[in-house]
Amino acid sequence: MPTPTSRATLTQLGEFGLIERMKRRTGRSRTPVLRGIGDDAAVIRLNHRQLLLLSTDVLIEGIHFDPSTSSMEDIGYKAVVSNLSDIAAMGGTPQYIMVALAVPPSQTSASIDRLYDGLVRACRHYKVQLVGGDTSASPRSLFLCVSITGLCRDRRFLARGGARIGDLLYVTGTLGDSLCGLRILQQRARSQSASRSNASSKRHLGFLVNRHLHPVARVGEGLLLASQRLATAALDLSDGLSGDIHHLCQESRVGAEVEAEKLPISPGCRWYATLDRTDPTHFALLGGEDYELLFTVPPDKQEKVTRLGQKHGFRFTCIGRIRPRRFGIRVKALNGSSWHLAPASYQHFRQTPPLKGNIR
Ligand code: ADP
Ligand code: MG
C-alpha cells in the first residue's frame, strides 16, 4: 500500500524525511544490533566486552567538495575526518576504513594519487588503517564513499537519545570557522580577495581556511566523555548546530535553550564576521562541517567535565541547557529576547547546491 506521502518529491521530503521513511521500511533493529538507523554510527555487540561501531559517508563533487577550492589531497583528508568524527561522536576508537571511488575517465592517475595521499595522511594521523574499497568509472563527477569501523567498551558508547531535562548542553572547540573558511576560498576562486594583507588578517585567513580544509575529528574528547560516563548524549556537528541540535532533541524527546553569548567563537570567525558585516552568532549557529561534538552533561558532572577537559587540554564550552520538549529549541540573547531555532543548516534535496557548507 502506498503511504499518503509516497508521491512526495525528495525536495518536499528533504534528506531527513527520506531517512525517516527508510527507517520505517527497515523495521526495528534486532539483537545484536543495539543502535541502527538514527545515530552517528550503528552499534553492534561483538561479545560481552566489546561493541562494533559502523558508519559511512558519501562525498560528491559539487555538493561536498569543489575542486576549484580544495586540492585532491584536501578532499581525501577531509573524507576520512568526516567519518572519524561519527566514531568520535559515539565515544569509540576508530579502527578500519574502506574507500569506494567512482572517477570520470578524464581524471588523471596523478590526481587520484593526490587523493590517496590525503586519505593516507589522515589515516596515519588518527592511526586507522585503509583496508580496501571499490572502484568504478563515473559518467561525470567524482564520487567518494568512505566507510569506517570503530570499537567501544560495552555500555560505554554515546548516543543521540540520552539527554535528560536539566542536563547542560556543551560543545567542543569553536563553531562557524569552517563556513568562514569556505566563503574565503570561494571568494578567492572568484578572485575577490577578502584579505587585507597585514599579518593579523593573514593569520585569521590561514586559520579559517585550515579549519575548513583540515577539520579535526574529536576522537580523544569522545573517548573521554564515554569512558568516564560524563555525557548522557552526543552527536557531531556536520550539518551545523541549528540542524544537528534538532536530531539530538528529537532522539532524546526534549527541548533545548542555547545562550547566544556563550557560543564559542574564534577570533578568526569574529574577524571575518566584522568584514562581512554579519553577526558571528549566525556563523556559529548555521555553519556546517565544523565536526565539533555537541553533548549533554548532568549538572552534578559539570565540575568533573571542567577538570578533565583542562587536564587533557580539551576545549569544552557550556552553551545552554536541556529543557522539556514543549519548550522547543530556542536561542536566548544577552538582552533576554529569545527565538525559535529553526533547522536552517544544510539538508540534502532542500537546497540547491553549490556546496554543503555554504548557507548563502
Ligand atoms: P551523519 O550526519 O552523522 O553522518 P546522517 O544524517 O547522514 O548522519 O544519517 C542519520 C542516520 O540515518 C544514520 O544512522 C545513518 O546510518 C542513517 N542513514 C542515512 N542514510 C541512510 C540510508 N540510505 N539507508 C539507511 N540508513 C541511512
Ligand atoms: Mg554524525
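Over the chain, DSSP H runs of length four or greater, each weighted -39,500 (n - 2.57), average out per residue to a 222 nm ellipticity of -11000 deg cm²/dmol.
In this Cβ point-charge picture (+1 for Lys and Arg, -1 for Asp and Glu), the chain has a dipole of about 820 debye about its Cα centre. Positive contributions from Lys and Arg (+1) and negative ones from Asp and Glu (-1), summed over other residues with Cβ under 10 Å from the Cβ of TYR291, come out at -2. With a ≥ b ≥ c taken as the square roots of the eigenvalues of the C-alpha gyration tensor of the chain, please select rounded if a/c is under 1.5 and otherwise prolate if a/b is larger than b/c or oblate if it is not? Cα axes put the chain in the rounded bin. A cut-off of 5 Å between modelled amide H atoms, ignoring neighbours fewer than 5 places along the same chain, links GLY133 with VAL99.
For GLY162, the amide hydrogen comes within under 5 Å of the amide hydrogens of ALA234, counting only partners 5 or more places away or on other chains and with H modelled in the peptide plane.
From the mean inverse distance of alpha carbon pairs (Kirkwood) and the Cα radius of gyration, derive Rg over Rh for the range 1-155. Reported Rg/Rh (Cα atoms, Kirkwood Rh): 1.02.
From the alpha carbon centroid of the range 66-113 to that of the range 298-329 is 31 Å. Computed from the alpha carbon atoms alone, the convex hull of the range 178-271 holds 127 Å³ per residue. Annotation: amide H of ALA344 within the under-5 Å range of GLY243, sequence separation 5 or more or interchain, hydrogens built in the peptide plane.
Farthest toward the dipole's positive end in the chain, which of PRO104, HIS212, SER71, given Cβ charges of +1 (Lys, Arg) and -1 (Asp, Glu) about the Cα centre? Going by the Cα projections, it comes out as HIS212. Cross-link partners for LYS262 among the lysines, with Cα-Cα distance under 18 Å and sequence neighbours closer than 8 places in the same chain left out: LYS332.
Every number in this text was worked out from the coordinates using simple rules, so none of it is lab data. The structure presented is a predicted model; accordingly, all values stated were derived computationally and were not measured. Note that we place each Cβ from the backbone using ideal geometry, even for glycine, and neighbour counts take in every protein chain shown.
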